[in-house]
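Asker: Sending over a structure as structure tokens; questions will come in a sec.
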Amino acid sequence: MFNFSANHLLLLSRMEYRTCVVFLMKDDSTRRVYRLYDFTKSQIITSDHYYCVSGKVNSADKLYLVIESVKTDTKHSPDPQLRLEWTAREKRP
């Protein structure tokens, strides 16, 4: 197992499965997209903030980025235009 950490992450999607929650997150600085696994189902991540995420890379036969901690990225705040788009998207039926 190896450690990983990433900053400036925005939530793209969230899928809940029987054994875990999978977050698809984009690093706004590098434009990389990560699939992060929360096997505890305890992380609360919303689409209106940037996040710093750290965890472990489990590379048995597949590569899993397993979340250990999540905190709001206080060094970066989303563009006000993005906040308007998120608000509009969340209010759609």
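Asker: For segment 1-17 and segment 18-35, compute the distance between their C-alpha centroids and round to whole Å.
Answerer: Taking the Cα centre of segment 18-35 as reference, the centre of segment 1-17 is 4 Å away.
Asker: To the nearest 20 debye, what charge dipole does segment 1-72 have about its Cα centre, counting +1 at the Cβ of each Lys and Arg and -1 at the Cβ of each Asp and Glu?
Answerer: Dipole magnitude for segment 1-72 comes out near 120 debye.
Asker: Which chymotrypsin sites (Phe, Trp or Tyr not before Pro) in segment 2-34 sit in a loop by DSSP (not H, G, I, E or B) and have at most 15 other Cβ atoms within 10 Å of their own Cβ?
Answerer: Y17
Read-outs: derived from the displayed coordinates by stated rules, not from any lab. Here the structure is a predicted model, which is why all the values come from computation and not from measurement. All Cβ positions, even for glycine, are placed from backbone atoms using ideal geometry, and neighbour counts span all protein chains on display.
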